[in-house]
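Derivation of every value follows stated rules applied to the coordinates shown; laboratory data play no part. Just so we're clear, the structure is a prediction, and the values are computed from it rather than from any experiment. With ideal geometry, Cβ positions are generated from the backbone for all residues, glycine too; neighbour counts draw on all protein chains shown.
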Amino acid sequence: MADERNSYIVNVRDVKKVYRVGTVNINALNGVDLAVKAGEICCVVGRSGSGKSTLLNVMAGLEAPTSGEIVIAKQHVEKMTQSELIRFRQKHVGFIFQSFNLMPYYTALENVALPLSFRGVPKEKREKRAREILKAVGLGTHLNHKPMQMSGGQQQRVGIARALVSDPEIVFADEPTGNLDSKTSDEVMNMMCGIARDQGRTLILVTHDPKMAAYTDRVINLLDGKVTDERQIEQRVLQEAGA
């Protein structure tokens, strides 16, 4: 089993996360084990309070676990300092957020190019890469649009492009369709998972909506900070965006 787990890009081993609220301990994660293969699209499903966003945060190094191991790309995330975590995320990880988190006064091109500026990529090169990925998500005609000039679905496409622009090994998505209507949610999921498969990305998303799991390779159910069930998805939803 150990040799098999070493072949996975993400290994979560007996992870616990305890929050202290007044005099009460809240067990947000209560001994989670999870392994994700490179190139796999994995969906963590759970209702509000199940611990799914906490799990995403500790895997991404945004929060420290109380105990347990988190090994991503053969590196122990839980042992890293803050500066090491920043460098690790810049090199290996992309993020897609429910609330888009776009810079309101930046254009789509500038928003997508921003992560590359933190890595010291020259302006001409980072804008070229940003144009390429924006075209890939269907926004080639919206390069100079600012967030207020775009729909929610278009803003999330910008968010997806921003997550992919630095060529990360792993993309974490936190409720990526939470602020979208059902039709736009289908379009975004179809596009996001399609690009991940085409590029061989590892995509781990959390959602409260079990219907979103149909687009993924594997669904993991979380309840009260524990994995209660997981299953492979045999038939993927492969519909044209907007169909």
**Prompt:** Rounded to the nearest 500 deg cm²/dmol, what is the calculated helix-only ellipticity per residue at 222 nm for the chain, with -39500 (n - 2.57) per DSSP H run of length n ≥ 4?
**Reply:** -10000 deg cm²/dmol
**Fill in**
For the chain, the charge dipole (Cβ of Lys, Arg +1; Cβ of Asp, Glu -1; about the Cα centre) points to a positive end, and the Cα of 136, 171, 121 closest to that extreme belongs to 121
**Asked** Build a GNM of the chain with springs between Cα atoms under 10 Å: which of 174, 14, 229 gets the top mean-square fluctuation?
**Response** 229
**Asked** Mind checking the dipole of the range 17-120: about its Cα centre, +1 per Lys or Arg Cβ, -1 per Asp or Glu Cβ, Debye to the nearest 20?
**Response** 40
**Amide H partners (placed H, <5 Å) of residue 226, local residues excluded** = 30
**Asked** Suppose every K and R has +1 on its Cβ and every D and E has -1 on its Cβ; what is the size of the dipole of the chain about the Cα centre, in Debye to the nearest 20?
**Response** 700
**Message:** Tell me the angle of helix 152-164 to the major Cα principal axis of the chain, expressed in degrees between 0 and 90 and rounded to the nearest ten.
**Reply:** 70
**Message:** Quick check: the angle from helix 123-136's long axis to the longest principal axis of the chain, C-alpha only, nearest 10 degrees?
**Reply:** 80
**5 angstrom amide H check on residue 96, placed H, neighbours 5+ away** = 172, 173, 174
**Message:** What do you get for the angle between helix 82-92 and the principal long axis of the chain? Use alpha-carbon atoms, 0 to 90 degrees, nearest ten.
**Reply:** 60
**Prompt:** Among the lysines, which have Cα under 28 Å from the Cα of residue 74 when same-chain residues fewer than 8 positions away are ignored?
**Reply:** 16, 17, 37, 52, 91, 226
**Item:** Percent antiparallel among DSSP beta bridges (both partners in the chain, rounded to 5)
**Value:** 55
**Prompt:** Can you work out ³J(HN,Hα) from phi for every residue in the range 183-200, in order, using Karplus 6.51 cos²θ - 1.76 cosθ + 1.60 and θ = phi - 60°, giving whole Hz and x for Gly and Pro?
**Reply:** 5, 5, 4, 4, 5, 5, 5, 4, 5, 4, 5, x, 5, 4, 5, 4, 9, x
**Within a Gaussian network of the chain (alpha carbon springs, distance under 10 Å), most fluctuating of 131, 201, 87** = 87
**Prompt:** D for the range 82-124, whole µm²/s, Stokes-Einstein with Kirkwood Rh over alpha-carbon pairs at 10 °C and 1.306 mPa s: what number?
**Reply:** 135
